[in-house]
Amino acid sequence: MIKGTLVSESLRVGAEIAGVVDLTLLRIKRIAVTNASPDQPTRWTLIDFEAPDAAADALATAFAAALDRPGWYVDFQTITDKYVVFAGRVFRYARGDASGRAEAQAYALELGVPAAQIDWPE
């Protein structure tokens, strides 16, 4: 089962996530952020979701098309793989693969994602 969290403010204006089979909303939570980059708001709405593992590629594609630039991302994992998705780019690596994680982290830093935000769970 896919488990992940989306920051609603990371979506482009007009973007839509639709057509992902059995995508389930688990929780919506509002938080204050102390490590926001200059182009990010200081309050975020977190959306926890789950979906069947078979929907992982479709979900990654949908997020890649919907996320705003420059440095927003969404991450989620299946039982075996980790997905880190940016606007127009998807990183997929085996959970626990240090080199796959490092590649996604390096890309995040190139986009200006604050180091403190590059803390996705494996």
Inset, instruction - Hey, could you check the range 97-114 for residues that are under 12 Å from P70 (Cβ atoms) and in a helix (DSSP H, G or I) and say which is farthest from the chain's Cα centre (by Cα)? - result: E110
Legend entry - Hey, Q77 surrounded by 16 or more Cβ atoms within 10 Å (Cβ to Cβ) and within 16 Å of T5 (Cβ to Cβ) or not: yes
Legend entry - Evaluation of R30 against (1) over 17 Å from W120 (Cα atoms); (2) surrounded by 15 or more Cβ atoms within 10 Å (Cβ to Cβ) (one fails), failing number: (2)
Legend entry - Pair list, Cβ under 7 Å, 6 or more apart: the range 110-122 residue in contact (Cβ under 8 Å) with a residue 12 or more places away in the chain and among the small types (G, A, S), other residue open to solvent by 40 Å² or more (accessible area, probe 1.4 Å) and part of a loop (DSSP other than H, G, I, E, B): G112/P70; A116/N35
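Does G71 satisfy the criteria of being free of Cβ contacts under 8 Å to residues at least 60 places away in the same chain, surrounded by 15 or more Cβ atoms within 10 Å (Cβ to Cβ) and of a type outside the set (A, V, I, L, M, F, W, C)?
In short, yes.
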Inset, instruction - Please find, among A98, A60, A106, A56, the residue that is of a type in the set (G, A, S), open to solvent by 50 Å² or more (accessible area, probe 1.4 Å) and modelled with pLDDT of 95 or more. - result: A98
Inset, instruction - For the range 67-122, name all the residues that are under 24 Å from A15 (Cα atoms) and among the basic types (K, R). - result: R69, K82, R89, R92
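Of E122, E50, which residue is surrounded by fewer than 19 Cβ atoms within 10 Å (Cβ to Cβ) and either on the phi > 0 side of the Ramachandran plot or at pLDDT 95 or above (or both)?
E50
The values are calculated or read from the model by the stated rules, or taken from the named source; none is laboratory data. As the structure is a prediction and not an experimental result, all values here were calculated from the model. Neighbour counts are summed over all protein chains in view; Cβ atoms, including those assigned to glycine, are modelled from backbone coordinates with ideal geometry. For the accessible areas, the whole protein counts, side chains as well, though only heavy atoms, and no ligand, DNA or RNA atoms are used. Shrake-Rupley method; radii C 1.70, N 1.55, O 1.52, S 1.80 Å.
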